[in-house]
Amino acid sequence: MLPSPNLKLKLLLPALALLCSAAWGPVGAQTAVDPWRITADKVDPNNYYGATVANGVIGIVSSPVPFQVKSVVLAGAYDQYGRGRVSNFLNSFNLLNMYLEVDGKRLGPQDASNFRQELDLQRAALTTTFDYADKATVRYTYYALRHLPFTVLLDVSITAKKDVSLTAASVMEAPDALHDVQNYYNEIDRPHATLSLLTSSAKSPTGKIQLCASTSFLFEEPHGQEPRIIHEMWDSNMHLMKFSKALKAGQTYGYAITGSSITSAHDPDPLNAAERLTIFARLEGRQRLLDFHAKAWQDLWQSDIQITGDAQAQQDVHSMLYHLYSFSRAGTDYSPSPMGLSGLGYNGHVFWDADLWMYPALLVLHPEIAKSLVEYRFRRLEAARRNAFAHGYQGAMYPWESADSGVEETPVWALSGPFEHHISACVALAAWQYYCVTQDKEWLREKGWPILSATADFWASRVERNGPGHYDIKNVVASDEWAENVDNDAFTNAATQVNLQNATATAKLLGLRANPDWLHVAQNIPILKMADGVIQEHATYHGEGIKQGDVNLLAYPLKTITDPAQIRKDLAYYETRVPTEGTPAMTQAIFALLYSRLGDGAKAQHFFQDAYQPNLLPPFRVIAETKGGTNPYFATGAGGVLQAVLMGFGGLDITPAGIVQRKSTLPTGWQSVKITGVGPQHKTYTNGR
């Protein structure tokens, strides 16, 4: 991620490590915590951070305003505009906005009483309910259909409390950044249905891509008795279709809106594709769409984490899994940005957040999804080779920020772009771990080896050979991004060693000849220590506060430090160097994981809670990037916490022979952790009673 301003540091005192969880009251705490449903009974529009329903390609972010969606985000849709002269995520058409009129009055926020929203993590559904005076009760649910990557569904139900007349509209609205908007309305007559299509097309800010969306009503009435649909054009950026219906007191009426959003980055003919996909969904019908969606999520949840002894942790872990599942998808070459599909944060770019923080949990629970993240890197290998060449190096140098093309997308004012080189080792580690979990040698030969060998070549050319034990890596931005242009950063150096060793191991597995220089270089890269034996973060580090984990990552995930005494010494030192504010929600998760492996349940519990509870925002307990921050959903932090649960509390370990379980200690108060659907064999692992 981009470096934060170097804030006045508020160092965490050692005594804080034993504070109980009550120090941070949970946001929106409930008396009885449902493991699968997060309920917002009282919604404050001025303190509202939306929930996201997504399917790995399209994301819908909720709003506190009835019938409104905050934004619709599409994976893979970028153009250069706005911040930083680099590629940015684009909001797509707001294809699920609507309005409702009751007896001629259009309902607004002030008309909704008993307003309530609920995120169903198990079904990936966001439901809103409210009453309108003494006239009607309204319920509607958003879905990003899991089995149809570009298609969404809005399911509406209205119960009349007295005789009423309704007018309901589906509104198509273009975001401000788009231009050359074209609006279309078509009615296609078929023997058993009339298909009404509300369609829009527009160009991205530079004209690079075309964005298209189309919607259609789904009615319960048989063909010929469906309401008459009227099309209205408001202006160039908005049009709608609507119908009217009279209801008797006590009658419940249901209808749905299905729609598809796709761009020329996904399909060479997005306008026709959007309408064809919407017609497909329309003729599948509401119930089949819901059934297939439910089945797809049921399959995903075969890989689950079940906690006994902490009901709130269970709900929170389900929420984290839900978001990682929602932000990624098998069969693609998409990799999630730090904020996933929850908005335009970090321009939608891909960082080490995907490879090091989100990827391991996906790899353990759904290797087929994790494969997409590695595929993203493989398909951009040539761009990484060109990047290395431009900087005077051999092999492949992956960009710190990556978008669709795989070139460097970091804004020029951020030094991470030209200097945060550890990203190449993180990409290589993910490739090696994919083989470790799947044992797929064919994949390793075809795609893993090119990544591992090219990144190893990069590091062999990147080191400065200053004599035995002094193959230095100078002038980098550390994984602790407050340390800029430093020499021999601990994480960078150790990750380089691992990259070189894994490339050598890959060659042996495949019967290929490894470059002997790789191991030679690995054996001469220094890991510095201070006088007291603590590993020194970098050559000029003297105890200052750190933005995020660096040295402690050598014990996990790199495993270059294995001595428990050294791990404990490094933890005791660096846990006091992380400020209480302004740092991203990842480091404490690693502390929790390591303390669990060291047998300290109290500290494992403290750092598990400290990793995310101070970052929670109302009303859905979404995770912000930093404590006190307001930019959710921080999928990176969720990935870190899930690794603490899986690889710490659950004891799972990714090894060259596959996934194994090692001894670990549960957080204080927890009774057991059960992990189902692990790895290609869908195994179950349990820790505790």
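The values are calculated or read from the model by the stated rules, or taken from the named source; none is laboratory data. From a predicted model like this one, the values you see are computed outputs, not experimental measurements. Cβ sites come from the backbone with ideal geometry, for glycine too, and all protein chains shown count toward neighbours.
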- Message: Condition (residue is more than 31 Å from the chain's Cα centre (by Cα) and buried (at least 21 other Cβ atoms within 10 Å of the Cβ)) applied to region 439-449: is it met by at least one residue?
- Response: no
Can you confirm whether Ala572 is assigned to a helix (DSSP H, G or I), free of Cβ contacts under 8 Å to residues at least 24 places away in the same chain and farther than 18 Å from Leu429 by Cβ? no
Wholly inside region 384-498, helices (runs of 4 or more DSSP H) that include 1 or more residues that are of a type outside the set (Val, Ile, Thr) and more than 30 Å from Gln80 (Cα to Cα) are 422-438, 449-462
Being in a strand (DSSP E or B) and surrounded by fewer than 16 Cβ atoms within 10 Å (Cβ to Cβ) narrows Ile188, Ile158 down to just Ile188
- Query: Based on what the data block shows, is Thr141 under 25 Å from the mean Cα position of the chain (by Cα) and either in the same structural domain as Ala274 (by TED's automatic domain parsing) or part of a strand (DSSP E or B) (or both)?
  - Reply: yes
Residue hits (region 198-229; of a type in the set (A, V, I, L, M), under 32 Å from the mean Cα position of the chain (by Cα) and either within 24 Å of Leu166 (Cβ to Cβ) or not in a loop (DSSP other than H, G, I, E, B) (or both)) are Leu198, Ala202, Leu211, Ala213, Leu218
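Which residue out of Thr630, Thr655 is surrounded by fewer than 21 Cβ atoms within 10 Å (Cβ to Cβ), of a type outside the set (A, V, I, L, M) and more than 25 Å from Val73 (Cα to Cα)?
Working: Thr630 fails: more than 25 Å from Val73 (Cα to Cα).
Within the list Thr630, Thr655, the selection yields Thr655.
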Going through region 576-615 in order, the residues found to be within 22 Å of Trp482 (Cα to Cα), among the small types (Gly, Ala, Ser) and not in a helix (DSSP H, G or I) are Gly582, Ala585
Output for Cβ contacts, cut-off 7 Å, separation at least six or different chains, first residue within 22 Å of Phe150 (Cβ to Cβ) and hydroxyl-bearing (Ser, Thr, Tyr) in region 332-355, second part of a loop (DSSP other than H, G, I, E, B) and modelled with pLDDT under 95, reads Ser342/Pro632
Residue hits (region 157-176; under 28 Å from the mean Cα position of the chain (by Cα) and either acidic (Asp, Glu) or more than 13 Å from Asn94 (Cα to Cα) (or both)) are Glu173, Asp176
The one condition Met586 fails out of (1) modelled with pLDDT under 95; (2) closer than 15 Å to Phe491 by Cβ; (3) surrounded by fewer than 22 Cβ atoms within 10 Å (Cβ to Cβ) is (3)
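What residue, among those in region 365-409 that are hydroxyl-bearing (Ser, Thr, Tyr) and more than 16 Å from the chain's Cα centre (by Cα), is nearest to Ile423 (Cα to Cα)? Quick ask: steps written out before the conclusion?
Narrowing region 365-409 to residues hydroxyl-bearing (Ser, Thr, Tyr): 372, 376, 393, 398, 402, 405.
Among the residues that remain, those that are also more than 16 Å from the chain's Cα centre (by Cα) are: 393, 398, 405.
Numbers: Tyr393: 15, Tyr398: 6, Ser405: 17 Å.
So, considering only residues that are hydroxyl-bearing (Ser, Thr, Tyr) and more than 16 Å from the chain's Cα centre (by Cα), the one nearest to Ile423 (Cα to Cα) is Tyr398.
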Of the residues in region 616-636, those that are at pLDDT 95 or above, over 17 Å from Gln312 (Cα atoms) and not in a loop (DSSP other than H, G, I, E, B) come to Ala635, Thr636
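Determine whether Thr127 is under 24 Å from Lys248 (Cα atoms) and either outside any loop (DSSP other than H, G, I, E, B) or within 25 Å of the chain's Cα centre (by Cα) (or both). Walk me through it before giving the result.
Values: under 24 Å from Lys248 (Cα atoms): no; either outside any loop (DSSP other than H, G, I, E, B) or within 25 Å of the chain's Cα centre (by Cα) (or both): yes.
So Thr127 fails the test.
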